[in-house]
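Let me begin by presenting the structure, written as structure tokens, before commenting on it.
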Amino acid sequence: MERAEKHEFVKTLNGTFNDAGVIVVAQYTGLTVAEMTELRNQMKDAGATVKVAKNRLAKLALKDTPSEGIGELFTGPTCVVTSEDPVSGPKIAVEFAKKNEKLVILGGAMGEMVLDVAGVKSLAALPSLDELRGKIVGLLQAPAGKIARILNEPGGQLARVVQAKADAG
């Protein structure tokens with residue numbers, strides 16, 4: 001890369017770090033191109049991205065961002081997972097790391113909070129935004145269904161009593 005390209009890359013990566021809801025740093029030593037492509041595709045489907053950057057450039061891009069504290073995680077061949085949703089990126093990364101031991105999660109950041117490996121795994125264990133929305137809708141619909149059953153029950157009882165009287169003669 002030429003100096004101008006590096007400067008533009010750092011500027012772009014800095015914008016990515018500023019806009020990200022969560023950042024996960026992982027080492028990818030030994031991953032084949034096919035495995036890395038599979039990881040990128042899974043991340044893309046979940047609304048997250050994977051970038052490979054030189055550690056020096058990534059550390060420069062972290063300056064003046066809320067996630068500046070994760071600079072020491074950039075040692076060796078590292079890749080950066082970013083996503084706006086704080087659950088989707090870590091979830092895909094942790095699931096991929098379970099299937100393929102060549103991807104090693106080092107830590108990450110969510111805003112100004114620096115996360116260790118356990119923190120990233122905790123985020124991955126949370127339900128996604130769509131799952132939470134589904135649960136909220138279910139909780140909101142349950143009382144309405146109960147009210148409808150309660151209101152219909154007296155009419156149903158009255159109808160059964162009238163039917164019993166009619167059958168009896």
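Values quoted throughout were computed directly from the atomic coordinates according to the rules given, and no laboratory measurement underlies them. All values reported here derive from a predicted model rather than from experimental measurement. Virtual Cβ from ideal backbone geometry, glycine too; neighbours counted across all protein chains shown.
Given axes a ≥ b ≥ c from the Cα gyration tensor, I'd like to know whether region 2-52 is rounded (a/c under 1.5), prolate (a/b larger than b/c) or oblate.
oblate
Choose one of Ala4, Ala125, Tyr28: the residue whose Cα lies farthest towards the positive end of the charge dipole of region 3-126 (beta-carbon charges +1 Lys, Arg; -1 Asp, Glu; about the Cα centre).
The one lying farthest along the dipole's positive direction is Ala4.
Sort out for me the Cα centre separation of region 1-56 from region 93-169, rounded to whole Å.
33 Å
About the Cα centre of the chain, how large is the charge dipole given +1 on each Lys and Arg Cβ and -1 on each Asp and Glu Cβ? Please answer in debye to the nearest 20.
The calculated dipole for the chain is roughly 280 debye.
Report, in degrees rounded to the nearest 10, the 0 to 90 angle that the Cα long axis of helix 3-19 makes with the longest principal axis of the chain.
The helix 3-19 is inclined about 30 degrees to the chain.
I'd like to know how region 90-150 sits against the 2.2 N^0.38 Å rule of thumb: what's its Cα Rg over that expected value?
Here the answer is 1.70, to two decimals.
Average projected area of the Cα convex hull of region 128-169, in nm²?
So the mean shadow area of the Cα hull is 3.4 nm².
Farthest toward the dipole's positive end in the chain, which of Gly156, Gly134, Gly47, given Cβ charges of +1 (Lys, Arg) and -1 (Asp, Glu) about the Cα centre?
Gly156
Given the options Leu103, Leu39, Leu151, which has the most mean-square fluctuation in a GNM of the chain, springs set between C-alpha atoms less than 10 angstrom apart?
Leu151
Along region 115-128, what does the Karplus equation 6.51 cos²θ - 1.76 cosθ + 1.60 (θ = phi - 60°) give for ³J(HN,Hα), rounded to whole Hz, x for Gly and Pro?
These are the phi-based 3J(HN,Hα) values: 10, 8, 4, 4, x, 5, 5, 5, 4, 5, 7, 6, x, 6 Hz.
Relative to the Cα centre, what is the charge dipole magnitude of region 90-169, using +1 at the beta carbon of each Lys and Arg, -1 at the beta carbon of each Asp and Glu, and rounding to the nearest 20 debye?
260 debye
Rg and Dmax of the chain over Cα atoms: what are they, in angstrom?
Rg, Dmax (Cα atoms, Å): 25.9, 100.
Among rounded, prolate and oblate, which fits region 32-93 when a ≥ b ≥ c are the square roots of the eigenvalues of its C-alpha gyration tensor, a/c under 1.5 means rounded, and a/b larger than b/c means prolate?
In terms of gyration-tensor shape, oblate.
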